[in-house]
Amino acid sequence: MTHKVFRGYDQEELDRQLNLRARWPEHAEYFARWAEDSAAARRRLGGHIDLAYGTSAGQRLDLFVPERRAGSPLLAFIHGGYWQSLDKSDFSYLAPPYLEQGIAFASLNYDLAPHVGVAEILRQIRCALAWLYRNAADYGVDPGRLYLAGHSAGGHLTAMALATDWQADPAVGPGLPGDLVKGGCSVSGVYDMEPIRLSYHQAVLDLDAETAARMTPLHHPPARAVSLILAVGSEETEEFHRQQAEYLAAWRNAGLAATVVELPGRNHFTAIDALGERDHSLFAAASNLVLTDP
């Protein structure tokens, strides 16, 4: 009998569910396009590149602000890569349509595993958001209108950031409002860290059971009302669909409201493109959230 390691999955099937690069071997083409389009966007937009929000090399962010738009709202984006790869510079291509709508856009970096663990990565993201709040006005951005989006591991970090108690977290310092992040959008997010711990990713992430539970958004919905958009590609694995469905249920069980945007025909790597496509319902939902959410 095959040994089940997580729910109905044996080790081979669990790893297959989570090995996205093996499932879509053309992923390198997506990465190359992201990098090329992002470099072109930076040449066109300029922007404030490699702003330091911490002391380590990974604690940097890029900030793009609309021209002649004082007091712009801000959408900060967290990249994916299973906490191990990719870079903020790969996602500048998402910025232009938001700038056209008068929305500032930030792309956040963080130190990567195995050099740091997932808990430290989350701490860094919280510090990045605190830095944006404290410094936003210097760049013409309204600190009271800060929103967050993320893809894959970035979706996980988005969900955990939404659950942050900003007035009690010693890592981010004093003086922050409880509603520092007004809302979020998570695309193809990871909301259950236990299967990650039990998968081939453990060799790099080195998660113990307690940390995996503490870093699982399913266990930590926000204690306050906050707006949320969820999306997962129709072509993604059963595990990614299962995680979104259970996170949505946990969110609603906590009395919170969420909007689900369908992504027909999208896989894990093409799902995030929809966030920056002017004619896509995901872009419309995210931009409307930032522009109209009270």
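Throughout, read-outs are computed from the coordinates displayed, never taken from laboratory work. Everything numeric in this text was worked out from a predicted model, so none of it was measured. Quick reminder, even Gly has a Cβ in these numbers, built from the backbone with ideal geometry, and neighbours come from all protein chains shown.
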What's the percent breakdown of Cα-Cα distances in the range 152-262 across 5 Å bins, shortest bin first? 2, 12, 21, 23, 19, 13, 7, 2, 0
Can you give me the long-range amide H partners of G184? Hydrogens built in the peptide plane at 1.01 Å from N, cutoff under 5 Å, separation of 5 or more residues or another chain. L148, S227, L228, I229
Sequence gap at least 6, Cα distance under 8 Å: using those rules, report the relative contact order of the chain to the nearest whole percent. 17 percent
Select from the range 1-80 those trypsin sites (Lys or Arg not before Pro) which occupy a DSSP coil region and have at most 16 other Cβ atoms within 10 Å, ordered by residue number. R7, R68, R69
Looking at the P(r) of the range 252-294, how many percent of alpha-carbon pairs lie beyond 16 Å? 45 percent
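How much length is gained on full extension from R69 to H241, taking 0.36 nm per residue of separation minus their Cα-Cα distance?
Difference between extended and current length: 58.1 nm.
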Any residue on another chain or 5+ positions along whose placed amide H is under 5 Å from the amide H of D142 is listed here as G71, S72
May I ask you to list the trypsin sites (Lys or Arg not before Pro) in the range 213-251 that are in a DSSP loop and have at most 16 other Cβ atoms within 10 Å of their Cβ? R224
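With a cap of 14 neighbouring Cβ atoms within 10 Å, and only residues DSSP puts in a loop, list the GluC sites (Glu not before Pro) found in the range 1-101.
E26, E67
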Would you work out which of W24, G46, F6 lies farthest towards the positive end of the dipole of the range 1-66? Charges go on Cβ: Lys and Arg +1, Asp and Glu -1. G46
When DSSP beta bridges are limited to those with both residues in the range 4-292, what percentage is antiparallel, rounded to the nearest 5? 25 percent
Nearest-20 debye value, the chain charge dipole, Cβ charges on Lys, Arg, Asp, Glu: 700 debye
Radius of gyration and maximum dimension Dmax of the chain, Cα, Å: 17.9, 66
